[in-house]
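Read through the structure below, which is laid out as structure tokens, and then see the notes.
The values are calculated or read from the model by the stated rules, or taken from the named source; none is laboratory data. Note that the structure is predicted; figures quoted are calculated from it, not measured. Glycine also receives a Cβ, built like all others from the backbone with ideal geometry; neighbour counts cover every protein chain displayed. Keep in mind that these areas ignore ligands, DNA and RNA; they rest on the heavy atoms of the full protein, side chains included. Shrake-Rupley method; radii C 1.70, N 1.55, O 1.52, S 1.80 Å.
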Amino acid sequence: MDFNDVLSDKVKKIAPSGIRKFFDLASEMEGVISLGVGEPDFDTPWKIREAAIYSIEQGKTFYTANQGLEILRTEICRYQKRRFNLTYDPCKNVIVTVGGSEAIDLAFRALLNPGDEVILLEPSYVAYTPGVELAGGKVVTIQLTKENQFKLTPELLKKAMTNKTKAILLNYPSNPTGGVMTHEDYQQLVPIFKDSGIIVITDEIYAELSYEDNFCSIASFEEIKDQVILISGYSKAYAMTGWRLGYVCGQETIIQAMNKIHQYVIMSAPTGAQYGAIEAMRNCDDEVEKMKESYRLRRNYIVKAFNNMGLTTFTPQGAFYIFPCITSTGLSSEQFCEELLNDQLVACVPGTAFGKAGEGYVRVSYAYSIEQIKEAVARIKTFLDKRQYK
Amino acid sequence: MNQDALLSLLENSAKLTTTDLAMALDQSEDEVSSTIRELEKKHVICGYHTLINWDKTNTETVRALIQVTSNPEREYGYDRIAKKIYKYPEVDTMYLLSGAYEFLVMVNGKTMQEIAHFVGSKLAPIEAVTNTSTLFILKQYKMNGVCFEDDKEKTEERLVVTP
């Protein structure tokens with residue numbers, strides 16, 4: 001029996017992950033220095049772990065309300081107000097989800113009818129395209145460029161919009177480019193969003209990792225706030241990737257629709273993680289600031305190191321990735337990563353894993369100590385020097 | 001230059017070179033070197049030490065915390081008394097505290113007898129010292145933010161490549 005025949009057409013159409021290939025290669029090798037991780041190297045602050053452990057010891061192991069503990073939703077609203085001056089109601093406008101990933105999936109499934117178009121910006125995080133396709137929507141891509149640090153411009157936006165456009169997904173600070181959008185950048189887009197009425201899904205998981213520019217959420221523009229589905233979480237800011245906890249804030253009708261799906265598919269997000277998150281939002285601003293400062297210094301180091309080697313990159317203003325151009329080597333993104341891995345046991349992720357716009361680039365993470373980055377850079381330099389004399 | 005960032009890097013990663021520091025701080029190497037010299041001159045940077053867990057070596061070593069009560073001196077407060085104590089090479093660390101006693105002195109020696117002899121013959125007889133109480137250190141769990149007694153070796157827990 002060929003079990004491929006029992007699978008849904010939708011699932012069969014989803015392209016294999018470009019990251020998977022490198023994961024499989026790199027995980028078979030000893031002594032690999034990986035610059036390919038998408039998660040912090042810090043442990044979750046002890047306060048958060050202790051709060052979650054205590055909640056389990058107290059026997060708080062039952063389901064919570066579908067939308068999440070009210071006390072956590074209240075803290076989420078307080079946090080958004082305190083950090084980014086955004087106002088949401090904990091009962092009407094918030095769901096606690098299993099990571100920002102679940103929130104993205106809920107948004108697509110709540111919004112999309114077959115044939116509805118969703119604009120994605122490439123290079124794009126790997127889960128967005130499959131998410132749209134699984135929800136029955138159609139992906140329309142905008143190819144961003146390094147010339148303007150992978151920002152979205154009104155011209156690019158207008159070109160991509162059609163009468164079938166239902167939504168656009170923004171991800172700033174961006175994985176994989178580290179690009180950001182400032183208040184001035186968004187100001188040019190807001191009238192287009194308002195006139196078209198499209199829904200703006202904004203994945204703000206890296207919001208706290210904003211460096212020289214203050215983070216600006218598209219939801220801060222009052223005239224389109226109800227069109228915005230704001231998604232965030234705890235993975236990057238609080239080093240809680242494995243806890244699988246996030247949240248979504250949005251207009252009441254949309255949130256209720258998302259909750260309809262969430263309540264049947266998930267019931268509620270993990271209870272212990274929710275208690276940890278309460279502690280995180282109340283008492284861990286200092287820890288977040290320390291981690292962010294650490295990333296900033298590492299960013300400075302790695303940007304200089306790569307530019308010195310001729311693998312040019314701009315200085316990203318957010319997240320913990322650089323997206324250097326490797327075309328000077330004459331290799332494709334995949335060739336570069338494969339040869340570097342085999343020759344020097346350094347793993348990066350080819351830019352093509354994030355879409356066509358990633359060809360000629362690699363994603364390099366700086367979620368490592370400066371000592372580890374230094375070692376990896378030395379090996380990359382050896383790799384480049386050897387190629388010169390081939 | 002962000003001096004706090006420089007100090008934080010030096011405090012946690014003393015093996016970084018001036019080049020590394022300059023790259024991380026986005027400054028020139030000359031600027032970093034001259035700032036470090038300035039901070040050394042002002043005794044903001046007081047030394048570059050390596051953290052060693054001597055309990056894991058074969059070296060015989062005993063440490064003790066001595067609680068010292070003392071009367072302050074007119075015009076000088078506690079500083080002159082403190083200097084008489086901390087000038088001894090046996091004294092590793094010393095603090096002036098609020099509370100039930102004035103000084104906390106950490107002393108190194110080869111044996112308990114050696115430390116007891118130091119306390120009895122050098123520390124306690126200092127005129128301003130009114131009382132000492134010696135507590136021998138049995139085990140050190142953590143020092144300068146580093147856990148000495150982790151359950152397992154620190155290994156990379158993250159998957160090698162993740163989105």
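Which pairs, out of A:LYS10/A:LYS356; A:LYS92/A:LYS290; B:LYS56/B:LYS83; A:LYS151/A:LYS225, put more than 29 Å between their alpha-carbon atoms?
A:LYS92/A:LYS290; B:LYS56/B:LYS83, as the Cα separations exceed 29 Å there.
Quick one: angle between helix A:271-283 and the longest Cα principal axis of chain A, in degrees between 0 and 90, rounded to 10, please.
Helix A:271-283 sits at roughly 80 degrees to that axis.
With every protein chain present, what is the per residue accessible area of the stretch A:231-370 (1.4 Å probe, Å²)?
Accessible surface, normalised per residue, equals 31 Å².
For the stretch B:13-133, what % of the accessible area comes from carbon and sulfur atoms, probe 1.4 Å?
49 percent
Within 12 Å, Cβ to Cβ, of B:GLY47, how many net charges do the neighbouring residues add up to if Lys/Arg are +1 and Asp/Glu are -1?
Cβ neighbours under 12 Å give a net charge of -2.
Determine the per residue accessible area of the stretch A:1-113 with all protein chains present and a 1.4 angstrom probe, expressed in square angstrom.
On a per-residue basis, 56 Å².
Report the net charge of residues surrounding A:LYS138, where surrounding means a beta-carbon distance below 10 angstrom and charges are Lys +1, Arg +1, Asp -1, Glu -1.
Taking every other residue near A:LYS138 into account, the sum is -1.
In chain B, how does Rg compare with the Kirkwood Rh, expressed as the Rg/Rh ratio over alpha carbon atoms?
1.07
Nearest 10 degrees, 0 to 90: what angle lies between the long axis of helix A:370-388 and the longest principal axis of chain A (Cα atoms)?
Between the helix axis and the principal axis of chain A, the angle is about 40 degrees.
Which of the three applies to the stretch A:143-222, rounded, prolate or oblate, going by the alpha-carbon gyration tensor with a ≥ b ≥ c and a/c under 1.5 meaning rounded?
In terms of gyration-tensor shape, prolate.
Can you give me the relative contact order of chain A as a percent, contacts being Cα pairs under 8 Å and 6 or more apart?
Once normalised by length, the contact order is 24 percent.
Using Cα pairs under 8 angstrom and six or more residues apart, how large is the relative contact order of the stretch A:142-185, in percent?
After rounding, I find 39 percent.
Specify whether the C-alpha gyration tensor of the stretch A:251-349 places it in the rounded, prolate or oblate class, a ≥ b ≥ c being the square roots of the eigenvalues: rounded for a/c under 1.5, otherwise prolate if a/b is larger than b/c and oblate if not.
The shape class here is prolate.
Would you look at the GNM of chain A, springs on alpha carbons closer than 10 Å, and say which of A:ILE56, A:ILE278, A:ILE218 moves the most?
It is A:ILE56.
Please average, across the residues of A:38-44, the number of beta carbons from any other chain that are within 10 Å of each residue's own beta carbon, and give a whole number.
Mean shielding count: 2.
At 1.4 Å probe size, with the rest of the protein present, what percent of the exposed accessible area of chain A is carbon and sulfur atoms?
Answer for chain A is 51 percent, counting heavy atoms of protein chains only.
Go ahead and set up a Gaussian network model of chain B, Cα springs under 10 Å, then flag whichever of B:THR132, B:THR61, B:THR18 fluctuates most.
Looking only at B:THR132, B:THR61, B:THR18, the largest GNM fluctuation is found for B:THR18.
Once amide H atoms are placed 1.01 Å from N in the peptide plane, what residues at a sequence separation of 5 or more from A:GLY233, or on another chain, have their amide H within under 5 Å of its amide H?
Placed amide hydrogens put A:TYR247 under 5 Å from A:GLY233.
For chains B and A, what's the summed buried accessible area, probe 1.4 Å, to the nearest 100 square angstrom?
Summing both chains' loss of accessible area gives about 2100 Å².
So how tilted is helix A:333-344 from the main axis of chain A? Cα-based, degrees 0 to 90, rounded to 10.
Tilt relative to chain A: about 60 degrees.
Rounded, prolate or oblate: which fits the protein assembly as shown when a ≥ b ≥ c are the square roots of the eigenvalues of the alpha-carbon gyration tensor, with rounded for a/c under 1.5 and prolate only if a/b beats b/c?
prolate
Each residue of the stretch A:43-55 in turn: what ³J(HN,Hα) in whole Hz from Karplus with 6.51, -1.76, 1.60 and θ = phi - 60°, glycine and Pro shown as x?
Couplings: 6, 4, x, 4, 3, 5, 4, 5, 5, 5, 4, 4, 5 Hz.
In percent, what relative contact order does the stretch A:310-367 have, based on Cα pairs under 8 Å that are 6 or more apart in sequence?
37 percent.
With 22 Å as the cut-off, how large is the P(r) tail for the stretch B:1-72, expressed as percent of Cα-Cα pairs?
Within the stretch B:1-72, distances greater than 22 Å cover 44 percent of Cα pairs.
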